[in-house]
Amino acid sequence: MTVKLTVLSAVGSLVWGTLLAAMRVSPVPVMRGFGTLYVNIVRNIPLTIIILFTSLGLADIFRVTLGASDFKVQGFRLAILGLIAYTSAFVCEAIRSGINTVPVGQAEAARAIGLNFSQTLRLIVLPQAFRSVIGPLANVLIALTKNTTVASAIGVAEAAALMKTMIENEAQTLAIGAVFALGFVILTLPVGLLLGWLGKRLAVKR
Amino acid sequence: MTEVSVTKEDVVTSDELVVLKSVNKHFGALHVLQDIDLTIARGEVVVVIGPSGSGKSTLCRTINRLETIDSGTITIDGKALPQEGKELARLRADVGMVFQSFNLFAHKTVLENVMLGQLKVRRTEKKQAEETARSLLDRVGVGTQADKYPAQLSGGQQQRVAIARALAMGPKVMLFDEPTSALDPEMINEVLEVMQQLAREGMTMVVVTHEMGFARSAANRVVFMADGRIVEQAAPDQFFSNPRSDRAKDFLSKILHH
């Protein structure tokens, strides 16, 4: 469950985070304003509150169930929504700092051959920006993996929830805790190593 | 009779490819372009020279609206420069630009650099785009480097690729913004030779440069700028041997005497 949560939220937050970053550098003031507002609000709210809000606020008050009929599926989908909303703010900032590392001349040259704004961003700026922020993105993804534990707050049976039930049933608190901690390291360590290796391999030479 | 005169007039207007009329631009308090009037005819090679900070690069960049202007008009082939958007992108495709710092797309190979605009702007078929790109790369003498990345090439090679990239769009006019200023001395000539060849083939060119040799041999007209104004325009022979303005005399005496 933890892995599924992580992968789905990671994909979602990368997409939404990239869109947010595009908004923040766009020439349209309304989009820039929205992007800035979103990032500054969302990244300053604790994840627990966001996740609880998706469950209590969205589901119970506004009846947003995301097409799920049973409570477990609903909790899972809402948890993903919350995690995407939260993580994308950090993804956005990482990518935006990457965009700033791409020399202005690259975008100028792209515009000079007749590419429009979105083509310039998609074909020239973002591919180079991504390569320079693989390291910071790895941080964000590792944080995301660990943040999935918060989803237990709304009844998603991910690792922390599992651990809690096990501790209630068994007595060996420390041992169980250590096993779960090790589990997370096993999940996140390869991600970090893989992305570090990718970052070096794909680095743009200038 | 009337028909003849009409067609004649048409020829005259379409002969003016780039027209700048009373163009003004400020960078904050600095008045970088002051009432610039400049007309560039089809097939003409205009070299813009002048001391640094005189606004010549800015002038070059306003022509494809990489720099906006505060007042005045710029028309290219009879069409006024549009606002930012689709129209402007279309127009920029017709105006080739070569930068001082090459600005090749660092994450793409040389071949991809030259193909990109054809594929994404001109919507050329891939096979044909590659053919065009390879023949252009051969023409500028870097055909064998097609699969390398820009960082693996020398400055002179990179700049020649940049020229090929601009030519791939089939531009009506080429702008060169100090194309040799970032190059080591031994690489300047290989770039100038490509530009000479272009000039001979009848390409309309606006060249901002410090290469007086190139101005002498390839230019139809020399435009001398100082402090945001066009101080003097003349044929190269006349300008270099007999400048009219004191400002130009002063400038030439400083650069030609060592």
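Each value in this text was obtained by applying a stated rule to the coordinates, not by laboratory testing. Keep in mind it's a predicted model, so treat the numbers as computed, not measured. In this analysis, Cβ positions are derived from the backbone assuming ideal geometry, glycine residues included, and neighbour counts consider all displayed protein chains.
Side notes on the structure shown:
- Helical contribution to [θ] at 222 nm, DSSP H n ≥ 4, -39,500 (n - 2.57), averaged over chain A, rounded to 500: -23500 deg cm²/dmol
- The stretch A:172-193-the stretch B:50-65 distance, computed between alpha-carbon centres (Å): 60
- Among B:152-162, A:188-198, the order from most to least packed when residues are scored by Cβ within 10 Å on average: B:152-162, A:188-198
- With a simple spin-label model that places each label point 7 Å from the Cα along the Cα-to-Cβ direction, the separation between A:Ile167 and B:Ser52 comes to 6.5 nm.
- Backbone phi angles across the stretch A:121-126, fed through the Karplus curve with coefficients 6.51, -1.76 and 1.60 (θ = phi - 60°), yield HN-Hα couplings of 5, 6, 8, 10, 6, 4 Hz in residue order; Gly and Pro are listed as x.
- Net length gained if the chain between A:Thr48 and A:Leu182 were fully extended (0.36 nm per residue, minus Cα distance): 45.9 nm
- Cα centre as origin, Lys/Arg/Asp/Glu Cβ charges: the stretch B:104-171 dipole, Debye: 180
- Counted by neighbouring Cβ atoms within 10 Å, the residues B:Ile36, B:Ile74 run from fewest to most as B:Ile74, B:Ile36.
- Alpha-carbon centroids, the stretch A:75-102 and the stretch B:113-185: separation in whole Å: 37
- FRET efficiency for B:Gln197 and B:Glu87, using Cβ-Cβ distance with R0 set to 45 Å, rounded to 0.05: 0.90
- Two-site label geometry, B:Glu125 and A:Lys4: point separation in nm, points 7 Å out along Cα→Cβ: 4.8
- Order of A:Met31, B:Met203 under a 10 Å beta carbon neighbour criterion, fewest first: A:Met31, B:Met203
- Per-residue ellipticity at 222 nm computed for chain B from its helices equals -12500 deg cm²/dmol, with DSSP H segments shorter than 4 residues left out and the rest contributing -39,500 (n - 2.57).
- 13 Å reach of a label modelled at B:Ala235, 7 Å along Cα-to-Cβ, counting backbone N of the stretch B:198-229: B:219-222
- In a reduced charge model with +1 at each Lys and Arg Cβ and -1 at each Asp and Glu Cβ, the stretch A:2-202 shows a dipole moment near 600 debye about its Cα centre.
- Given charges at Cβ of Lys, Arg, Asp, Glu: the protein assembly as shown dipole, positive-most of B:Gly78, B:Ala146, B:Gly228: B:Ala146
- The share of alpha-carbon pairs in the stretch B:139-258 lying farther apart than 23 Å comes to 37%.
- Distant-in-sequence amide contacts of B:Val45, defined by a placed amide H-H separation under 5 Å and a gap of 5 or more residues or a different chain, comprise B:Met205, B:Asn220, B:Arg221.
- Note on the stretch A:2-202: along the principal axes its Cα atoms extend 67, 42, 27 Å, ordered by decreasing extent.
- Working from label points 7 Å from Cα in the Cα-to-Cβ sense, the A:Ser118 to B:Ser181 distance is 3.6 nm.
- Relative protection proxy for B:25-35, B:169-179, from highest mean packing down: B:169-179, B:25-35 (other beta-carbon atoms within 10 angstrom).
- For chain B: rounded, prolate or oblate by the Cα gyration tensor [a/c cutoff 1.5]: oblate
- By definition, a body whose alpha carbon gyration tensor gives a ≥ b ≥ c is prolate when a/c is 1.5 or more and a/b is larger than b/c, and the protein assembly as shown fits this prolate description.
- Lys/Arg +1, Asp/Glu -1 at C-beta; the protein assembly as shown dipole; positive extreme among B:Ala41, A:Ser26, B:Leu66: A:Ser26
- Overall, the stretch A:91-206 carries a charge dipole of about 720 debye about its Cα centre when +1 sits on the Cβ of Lys and Arg and -1 on the Cβ of Asp and Glu, all other atoms neutral.
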